[in-house]
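First comes the structure, then the notes that go with it.
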């Protein structure tokens, strides 16, 4: 069993992403007795972020602060994290299965000459073995993996492993290490954000997604209103993105984001297999479509056969009178 587990945290707009805390919980599931070491890399003051990792279950934290860590590059963050790994010599490493995690972890695994179990949705201990469950074939099946030798290195899918309760009484050592991050072949000059502000789609607990049935960019406006009432985010099928109803940053599916919210409301989405690959593991799926034969109803827990332009306003009015926690 592992004795020290490194958790690589992610920072977005000065705050830790929720998946960072879920990764700590995943590390605890790998080995309850292990020492959890959080890692934060950025260009700002990282003391408060490191302390948050401790509040959520890390035993201590290591920070790397450098101007070249202002924006993510695999080279810059790779150098920073490898330096921490070299100092800490962990027995296992955990990170979120996000766009950054999917880019960074294969490079790290290659440098460390170890395997990588990506997109983990469940962790179980069976005797002396830790069993990792991950979806395959676009979510149609699941496989279980065991690390027989080498360093266990895993990424966990957001919203699948419940984070631990925040405990502000927890304390732990926070140490900064100096890393000379240099020779970057990629330099980010400017970041232009087209995605909508608000809840991050990949970590949202509630998602309201629109398809071609929404018919226009204006047709998405009620979806934003409903998502705001529910404290969620708006997503879309590839068909809606291809039709220029919304930006591709909202795309959910095999070639878009893979999401697993507590509640997924599919509005005007027929249910193409490529879209289902990105959302079929949602905990509760509600489908709204005027076609009773639409494939989306085959995966939905609840279905509403009706005109979305009539149904969505009714839902908005009802939720205005309900306190959503």
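Some values worked out for this structure:
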| read-out | value |
| --- | --- |
| Added length on full extension, which subtracts the Cα-Cα distance from 0.36 nm per residue, residue 254 to residue 107 | 50.7 nm |
| Calculated FRET efficiency for the pair residue 82/residue 148, C-beta based, R₀ 30 Å, to 0.05 | 0.80 |
| Shape call, the chain: gyration tensor on alpha carbons, a/c limit 1.5 | prolate |
| Ranked list, fewest to most other Cβ atoms within 10 Å of each Cβ, for 248, 56 | 248, 56 |
| Highest to lowest packing among 121-131, 140-150, 72-82, scored as the average C-beta count within 10 Å | 72-82, 121-131, 140-150 |
| Whole-number Å³ per residue for the convex hull built on Cα positions in the range 221-325 | 96 |
| Debye intensity ratio in log₁₀ form over the Cα atoms of the range 195-236, taken at each q of 0.15, 0.22, 0.23, 0.34 Å⁻¹ | -0.31, -0.65, -0.70, -1.24 |
| Isotropically averaged projected area of the range 79-225, using the convex hull of Cα atoms (one quarter of hull area), nm² | 14.3 |
| The chain: relative contact order in percent, alpha carbon pairs under 8 Å with at least 6 residues between | 14 |
| Förster-model FRET efficiency, 25 Å R0, residue 205 and residue 320, C-beta, rounded to 0.05 | 0.80 |
| Bins of 5 Å from zero: percent of alpha-carbon pairs in the range 142-257 | 2, 8, 12, 13, 12, 12, 13, 13, 8, 4, 1 |
| Cα gyration tensor, the range 108-158 - rounded (a/c under 1.5), prolate or oblate | oblate |
| Residue 272/residue 165 FRET efficiency (R0 45 Å; Cβ-Cβ; nearest 0.05) | 0.70 |
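Values in this text are rule-based calculations from the coordinates and carry no lab data. Since the structure is predicted, the reported quantities are computational estimates derived from the model, not experimental observations. With ideal geometry, Cβ positions are generated from the backbone for all residues, glycine too; neighbour counts draw on all protein chains shown.
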